[in-house]
1. From the list 253, 245, 186, which one is closer than 25 Å to residue 109 by Cα and at pLDDT 90 or above?
2. Going by what's in this entry, would residue 163 be described as closer than 18 Å to residue 309 by Cβ, surrounded by fewer than 18 Cβ atoms within 10 Å (Cβ to Cβ), in the same structural domain as residue 59 (by TED's automatic domain parsing) and touching a residue at least 60 places away in the same chain (Cβ under 8 Å)?
3. Test residue 242 against the stated conditions and say whether it is surrounded by fewer than 23 Cβ atoms within 10 Å (Cβ to Cβ), farther than 18 Å from residue 389 by Cα and out of contact with any strand residue (DSSP E or B) (no Cβ under 7 Å at 6 or more places or on another chain).
4. Name the single residue, out of those in the range 531-586 being in a loop (DSSP other than H, G, I, E, B) and in contact with a helix residue (DSSP H, G or I) (Cβ under 7 Å, 6 or more places away or on another chain), that is surrounded by the fewest Cβ atoms within 10 Å (Cβ to Cβ).
5. Checking the conditions here, which among 121, 76, 138, 133 is within 19 Å of residue 340 (Cα to Cα) and surrounded by 22 or more Cβ atoms within 10 Å (Cβ to Cβ)?
6. State yes or no: is residue 49 in contact (Cβ under 8 Å) with a residue 60 or more places away in the chain, in the same structural domain as residue 380 (by TED's automatic domain parsing) and part of a loop (DSSP other than H, G, I, E, B)?
7. For the range 466-474, state whether one or more residues are assigned to a helix (DSSP H, G or I) and either under 27 Å from the mean Cα position of the chain (by Cα) or at pLDDT 85 or above (or both).
């Protein structure tokens, strides 16, 4: 994601409104994580069983989320590092790899919720079997590939559009359901009507803050080109806090709307046991007597799944680049994550049926709960460090608040995990699974204690921050010999102009030039050099003509080589044959899907050649 840093300019000397509009966006990408399909089940269960009485829990959860997301934004703005990069600078390699693996598991768990949410939405609207919907979600890689070409600002606009679809859908649902507005107001008064209410409240609070959102937010705030002065940083922190406040309150309205819908439809009609998305949809039409309500519900579910999918992909890139400095193309990252989410979803549906999707959603939320502490604790350590944050270190009051809230969330998450595991193990008497689960939890507990106490143990508060790329040393420069044997990859298109222009203006006239063209006709692919088709003859003649023209320009050492079949294989063989020490290619100018359709020769051969490659454009 570093390529997006500082892309969006902040207007100078403009009105408050214009500056605010330049900063708006990052928190909306984050907010979709608070209204993804994984949160719907707890909201539906709370509304159907207890009516409007647990709205206050959603409000408290949202206040916590706003607090921690503003800390993430502050970290990214002030240090210029996202949370993953800050961890990589601070912890040793072993701890970083463990934290990265935990993040990846959490992101796959999040993606399982998006896969199931989108698949269920397709089932609700088009009656498509859920297993087919799960498979179809694999193709949203193409959507990301398409959107990524337009830049971060357009992606932000697309996400905001999806949030608007979700909001409008639920607004219309509430109008149709005719809720008790007096009951909604009373729902903001804290109360817990029974033990079951406590369990659901734990589920809402414990699973509200998504760990991947903490990494995401600390990175995407860096897309704004702010002034690296005290006033510039102060302005950026202020506007990003406003962005977070507005965007996450919209997420609160969506979650509250889901609970209100469940309360006004199911609780009022005596259906207290509705605790998953499929049950909720099946009852909407018969209870309300409206065919529009279930359709709107399905549309909102698909929009939630797709918006969360996009942000989950960026979070995956951020943690991969930040923790282990490994960068892959976004669509590759998306495809890997999506496959890892689709496989357990398909296996669950095949072996246990569609009804098991609700339980799989719960398991995915439990995994997120296990990982959350490993993002919260480092975040609090970093924003509390004066050495790292300088004048923007958070106050003692904010530090106490952060530790109190994180302790509460960790406690609630542990309670949630214990209760879910206890319920699951009571149904499945698998001794080895029980021992494995307990062992994993103990190891994670030891790691959590280490991370909490690490600044005290290592006295890292007094250490200077380490650059994410390690010690800054100027590399030793090796002597480069002049290029004597230069290969030119020619394809008889307009790209040849760039290749030949670079050659004429860049190369010494005593150089040996090897003109290469690959014949890729069907005959050449089958018969190789024995092919005697018209294309092979014409290409050979044209290549000889190029050689003659170059000789008239003073290049006397020109050799022509025709290759046949696969270009990447033939070029590597010809380069080796002539001991070329440089090869020049023309740029096709392909982007996105075109690269997939037409291929990029340089990508295919760069790992097979040990010589420099020059792309002429």
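1. On the way: 245 fails: closer than 25 Å to residue 109 by Cα; 186 fails: closer than 25 Å to residue 109 by Cα.
The unique qualifying residue is 253.
2. Numbers: closer than 18 Å to residue 309 by Cβ: yes; surrounded by fewer than 18 Cβ atoms within 10 Å (Cβ to Cβ): no; in the same structural domain as residue 59 (by TED's automatic domain parsing): yes; touching a residue at least 60 places away in the same chain (Cβ under 8 Å): yes.
So residue 163 does not fit the description; no.
3. Values: surrounded by fewer than 23 Cβ atoms within 10 Å (Cβ to Cβ): yes; farther than 18 Å from residue 389 by Cα: yes; out of contact with any strand residue (DSSP E or B) (no Cβ under 7 Å at 6 or more places or on another chain): yes.
In short, yes.
4. To start, the set of residues in the range 531-586 that are in a loop (DSSP other than H, G, I, E, B) comprises 531-533, 553-557, 565-566, 579-581.
Pick out the ones that are also in contact with a helix residue (DSSP H, G or I) (Cβ under 7 Å, 6 or more places away or on another chain) and you get 531, 533, 553, 565.
Working: 531: 19, 533: 14, 553: 12, 565: 18.
So, considering only residues that are in a loop (DSSP other than H, G, I, E, B) and in contact with a helix residue (DSSP H, G or I) (Cβ under 7 Å, 6 or more places away or on another chain), the one surrounded by the fewest Cβ atoms within 10 Å (Cβ to Cβ) is 553.
5. Values: 121 fails: within 19 Å of residue 340 (Cα to Cα); 76 fails: within 19 Å of residue 340 (Cα to Cα); 138 fails: surrounded by 22 or more Cβ atoms within 10 Å (Cβ to Cβ).
Exactly one residue qualifies, and that residue is 133.
6. On the way: in contact (Cβ under 8 Å) with a residue 60 or more places away in the chain: yes; in the same structural domain as residue 380 (by TED's automatic domain parsing): yes; part of a loop (DSSP other than H, G, I, E, B): no.
For residue 49, the condition - in contact (Cβ under 8 Å) with a residue 60 or more places away in the chain, in the same structural domain as residue 380 (by TED's automatic domain parsing) and part of a loop (DSSP other than H, G, I, E, B) - is not met.
7. Going through the range 466-474, the residues assigned to a helix (DSSP H, G or I) turn out to be none.
No; the residues of the range 466-474 include none that is assigned to a helix (DSSP H, G or I) and either under 27 Å from the mean Cα position of the chain (by Cα) or at pLDDT 85 or above (or both).
Okay, residues lined up against (1) assigned by TED's automatic domain parsing to the domain that holds residue 390; (2) farther than 25 Å from residue 298 by Cβ; (3) in contact with a helix residue (DSSP H, G or I) (Cβ under 8 Å, 6 or more places away or on another chain); (4) modelled with pLDDT of 90 or more:
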| position | (1), (2), (3), (4) |
| --- | --- |
| 16 | yes, yes, no, no |
| 19 | yes, yes, yes, no |
| 38 | yes, no, yes, no |
| 53 | yes, yes, yes, yes |
| 84 | yes, yes, yes, yes |
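The values are calculated or read from the model by the stated rules, or taken from the named source; none is laboratory data. The model shown is predicted, which means the values in this text are computed figures rather than measured ones. Because the Cβ atoms are built from the backbone with ideal geometry, glycine has one as well, and the counts that use them run over all protein chains shown.
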